[in-house]
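Only one structure is covered here, and it is reproduced in the block below.
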Amino acid sequence: MNYRDTLNLISRITVRRAWNAFKVYTSYHISRFTAKPVQWGLPISISFEPTTSCNLRCPECPSGLRAFTRPTGMLESSFFKQTIDEIHKELIYLIFYFQGEPYLNPSFLDMVHYASSKGIYTATSTNAHYLNEENARKTIESGLDRLIISIDGTTQDVYQQYRVGGKLEKVIAGAKEIVKWKKALGSHKPFVIFQFLVVKPNEDQVDAVEKLGKEIGVDAVWFKTAQIYDYENDPNGLITSIDKFSRYKTNAAGKRVPKNKLQNHCWKLWHANVITWDGLVVPCCFDKDAMHQLGNMKNQSFREIWHNENYRQFRGELMKGRKNIDICSNCSEGTKVWG
């Protein structure tokens with residue numbers, strides 16, 4: 001994050017949002033101290049899912065594998081606006097992403113514009129296959145604050161080993177369109193990030209992607225650790241040999257395990273959450289198939305769900321034994337994105 005992007009984010013903090021953030025932060029630390037779930041505020045950050053649909057078939061992604069048990073669909077603009085109207089005065093950061101490719105939703109950029117008009121910092125992640133000239137211009141005009149472009153290789157043969165069905169040339173062309181229209185419209189937004197998911201096939205291209213990012217003119221290049229579902233066996237041969245870019249390590253018994261120590265607390269359960277395209281509220285981005293449904297916005301308001309018994313129970317169970325919660329077992333908390 002550069003200074004301009006940082007100042008842009010800070011500019012979204014109102015007195016009401018700051019007070020809410022203080023309540024959330026205080027609640028979290030009181031909960032840790034007492035080992036009892038307390039929540040006085042509303043989320044600082046929310047992930048809203050534009051769609052579960054995707055054009056690619058990445059081997060460690062439920063959307064790409066078409067492996068969901070939950071239905072595929074598109075977030076409706078009316079439902080999105082209704083939710084934002086309810087919580088925007090407390091909300092600072094909105095991520096338009098969970099599963100799927102956001103640009104497949106025809107109303108996606110209209111929803112970005114609506115959230116931006118409420119003074120919320122907006123971000124999304126894309127495989128960039130739909131960043132043609134028109135969409136690139138509309139992206140700038142929408143007021144989007146951060147655009148993460150997944151680029152997991154600098155040559156087609158390497159890129160397609162993870163981004164199955166993808167075309168690297170489209171990713172590069174899309175990034176160039178965004179950079180071009182930022183300049184043409186005199187905008188410093190969005191902050192454009194090349195995100196490189198480090199896996200075994202592309203680990204030799206770490207330096208190359210940094211060079212490519214500079215040539216195109218993106219604002220930053222980040223390196224992300226990969227979540228592998230069957231990390232003990234790694235059937236797709238994706239776990240990198242570069243230790244700092246791996247979520248996993250080998251223990252004294254010679255068994256591969258996550259680096260995360262899984263202590264019985266989680267900041268994310270206090271300051272953020274995820275809303276699926278069809279209104280299910282789930283704890284975090286690791287519940288990809290929405291198996292831990294804490295509420296349904298077809299039946300309750302968001303505020304009611306955030307403070308309901310389901311949420312209190314889930315936070316309480318996490319504080320008693322996080323290792324017993326399936327979606328926590330492969331969590332990346334404690335590992336980071338390098339940029």
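Quick grid of which residues meet (1) touching a Leu at 6+ places or on another chain (Cβ under 8 Å); (2) open to solvent by less than 60 Å² (accessible area, probe 1.4 Å); (3) aromatic (Phe, Trp, Tyr):
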{"site": "Glu169", "(1), (2), (3)": "no, no, no"}
{"site": "Ile216", "(1), (2), (3)": "no, yes, no"}
{"site": "Ala220", "(1), (2), (3)": "no, yes, no"}
{"site": "Lys224", "(1), (2), (3)": "yes, no, no"}
{"site": "Ile239", "(1), (2), (3)": "no, yes, no"}
{"site": "Ile242", "(1), (2), (3)": "no, yes, no"}
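So which of Glu215, Glu210, Glu203 is among the charged types (D, E, K, R) and touching a strand residue (DSSP E or B) at 6+ places or on another chain (Cβ under 6 Å)? So that I can check it myself, show each step before the final result.
Values: Glu215 fails: touching a strand residue (DSSP E or B) at 6+ places or on another chain (Cβ under 6 Å); Glu203 fails: touching a strand residue (DSSP E or B) at 6+ places or on another chain (Cβ under 6 Å).
Residue meeting the stated conditions: Glu210.
For Lys36, only one of the following conditions fails: (1) closer than 20 Å to Tyr311 by Cβ; (2) surrounded by 15 or more Cβ atoms within 10 Å (Cβ to Cβ). What is its number?
Of the numbered conditions (1) closer than 20 Å to Tyr311 by Cβ; (2) surrounded by 15 or more Cβ atoms within 10 Å (Cβ to Cβ), the odd one out for Lys36 is (2).
Within segment 43-55, is even one residue modelled with pLDDT of 95 or more, among the charged types (D, E, K, R) and under 17 Å from the mean Cα position of the chain (by Cα)?
yes
Restrict the check to segment 171-192 and report whether at least one residue is open to solvent by less than 40 Å² (accessible area, probe 1.4 Å), closer than 30 Å to Ile92 by Cβ and touching a Lys or Arg at 6+ places or on another chain (Cβ under 6 Å).
Scanning segment 171-192, I find at least one residue that is open to solvent by less than 40 Å² (accessible area, probe 1.4 Å), closer than 30 Å to Ile92 by Cβ and touching a Lys or Arg at 6+ places or on another chain (Cβ under 6 Å), so the answer is yes.
One residue is enough: does segment 248-259 have a residue meeting the conditions in contact with a helix residue (DSSP H, G or I) (Cβ under 6 Å, 6 or more places away or on another chain), open to solvent by 20 Å² or more (accessible area, probe 1.4 Å) and of a type in the set (A, V, I, L, M, F, W, C)?
no
Is at least one residue of segment 85-103 in contact with an Asp or Glu (Cβ under 7 Å, 6 or more places away or on another chain), outside any helix (DSSP H, G or I), among the hydrophobic types (A, V, I, L, M, F, W, C) and open to solvent by less than 10 Å² (accessible area, probe 1.4 Å)?
Yes, because at least one residue in segment 85-103 is in contact with an Asp or Glu (Cβ under 7 Å, 6 or more places away or on another chain), outside any helix (DSSP H, G or I), among the hydrophobic types (A, V, I, L, M, F, W, C) and open to solvent by less than 10 Å² (accessible area, probe 1.4 Å).
The values are calculated or read from the model by the stated rules, or taken from the named source; none is laboratory data. Model, not experiment: these values are computed from the prediction. All Cβ positions, even for glycine, are placed from backbone atoms using ideal geometry, and neighbour counts span all protein chains on display. Note: areas computed on protein heavy atoms with side chains; ligands, DNA, RNA excluded. Shrake-Rupley method; radii C 1.70, N 1.55, O 1.52, S 1.80 Å.
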